[in-house]
Every structure is written in structure tokens, then in C-alpha cells.
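Take a look at the structure below.
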Amino acid sequence: MRLLILRHGKAEQHSLSGRDDDRTLTDRGIRQAAWIGERLFGREAGAFERLPERVLCSPIKRAVQTAGAVCEYLGMHPEGAQQLTTDAPLSGIVDLLQVLVAQGVSTAMLVGHNPQLERLCAHLSSLDAGSRAGAGTGAEGGALTAYGSSLELRTGELFVFEIDLDAGALARGELNWPCEQIGRARLSDDDQQADKVESKGDGKRDVKGDGQMRSGASQE
């Protein structure tokens, strides 16, 4: 399964109601979500050859807004999932993946919150065989190897993983799946240009700031 993991866009610090669940996206958060949709999934983007078949999101407002903005470019509606709410455990994601695998879904997007999604990305990065072996060239191989538990998933940031999911392992609640990190993408905070999608230097394609696909490793 190809799993796309997206943290909600930048949100206001306080809501009018005072409830955390009611916080909405700021203008920057709206731009972050729209960029993911337009640059990666828009009609002329061509960044990902496999578009999400399902988009599951936390029912909390800022995540629903983020998923909705992305789904405008996918021609679908996001589906609320309580397993992705704030402070939800990783076991909830295992439950979601078990259902998706049983339904034959090959590409899915999860939209939610830290710390859950950040922990998931850190765990999957640590399972990446290339990361464990220090694969890649220059700083990128080292960066992937160094992610581990210190990986940071910023607001509006997307991570993409290819995971070999086994229905039996999911049923047993196991989290140690064969996994490969495909890339990551986020709209820059400073100048509203895209951070490139980073890959491991193994010939996979990258997305640069202009949204075009390139081959080979980055030179960061």
C-alpha cells in the first residue's frame, strides 16, 4: 500500500469558542493545504502517478478543512475517522489500515495531528531498509538514517511511504512492516514556494519548488 500522511495546515492559536477542536486554519494553513492538492494532485501536476483512492481525516475542524482542500483536486470527499483525532494512539491507525487492506485499497491518505502522525512517520522511517543501511548519497542518506524518533512532521507537511502490509500481521496488531519512504513535501513558510520532495538518492523522482518531477537524488 502507498500511504500518504498529511498533518493539518497551520491553525489559529485560539478559537472563538475557546475549544481546541474548533480552531480553524489560518490563511497560511489554507495555502499549505491547497498547495498539496494543486501541485501534487492537480490536473497538470503529475507528481504522483498513484492518486489516493481514499482520504481519511480526523473529525476535528482544522483537519477536515485541510483534507477538504486537498480533496477538491482529487474529486472526492474526505471521510471522518475517530482513530485520527488528537491524542489518538497508533493502534487506531492499525485498525484503519486493516479495514483498508480488507477493502483492497492500494493508495490512501491520512490527515490528522501530532503526536500521532509524527510518531507514525518516525516509526515507518525507522523501518525503511534503506534508512537502516544508510542508503543514498550525500546528506540525504544520512538524513533519512537520522530521522528515527526525532523526525519532525510540520504543519501542512506530507510524507509518502510504500508499505508491504500483511493482513495477518495487522490482525495481530504488529507494526513492523517492510517499508520504504518515497518522499515528503511542504509549502515553504517563508516565501510560499514549495520545499522539494526529498528522496533517498536511489533514482526516485523528486518534486522541486516548481512542482516539476526530476530524477535522482537532491543535493541538499
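The values are calculated or read from the model by the stated rules, or taken from the named source; none is laboratory data. Note that the structure is predicted; figures quoted are calculated from it, not measured. Note: ideal-geometry Cβ built from the backbone for every residue, glycine included; neighbour counts use all protein chains shown. Side chains included, ligands, DNA and RNA excluded: accessible areas come from the protein's heavy atoms. Shrake-Rupley method; radii C 1.70, N 1.55, O 1.52, S 1.80 Å.
Residues in the range 16-33 that are part of a loop (DSSP other than H, G, I, E, B) and without any contact (Cβ under 8 Å) to a residue 24 or more places away in the chain: LEU16, SER17, GLY18, ARG19, THR26. Taking the range 34-133 and the helices (runs of 4 or more DSSP H) fully enclosed by it, the elements with 2 or more residues that are under 30 Å from ARG19 (Cβ atoms) are at 61-71, 90-102, 116-127. Looking only at the range 1-36, filter to residues that are among the polar types (S, T, N, Q) and more than 20 Å from PRO115 (Cβ to Cβ); which one of those is most open to solvent (accessible area, probe 1.4 Å)? Filtering first and then ranking leaves SER17. Is there a residue being touching an Asp or Glu at 6+ places or on another chain (Cβ under 6 Å) and either under 29 Å from SER188 (Cβ atoms) or open to solvent by 70 Å² or more (accessible area, probe 1.4 Å) (or both) anywhere in the range 92-115? Yes, that holds for at least one residue. Of the residues in the range 159-178, at least one is modelled with pLDDT of 90 or more, part of a strand (DSSP E or B) and surrounded by fewer than 21 Cβ atoms within 10 Å (Cβ to Cβ). Among residues of the range 48-64 that are aliphatic (A, V, I, L, M), those with a beta-carbon under 8 Å from a residue that is open to solvent by 10 Å² or more (accessible area, probe 1.4 Å) and part of a strand (DSSP E or B) at least six positions away or on a different chain give the pairs VAL55/GLU79; LEU56/GLU79; LEU56/GLY80; VAL64/GLY80.
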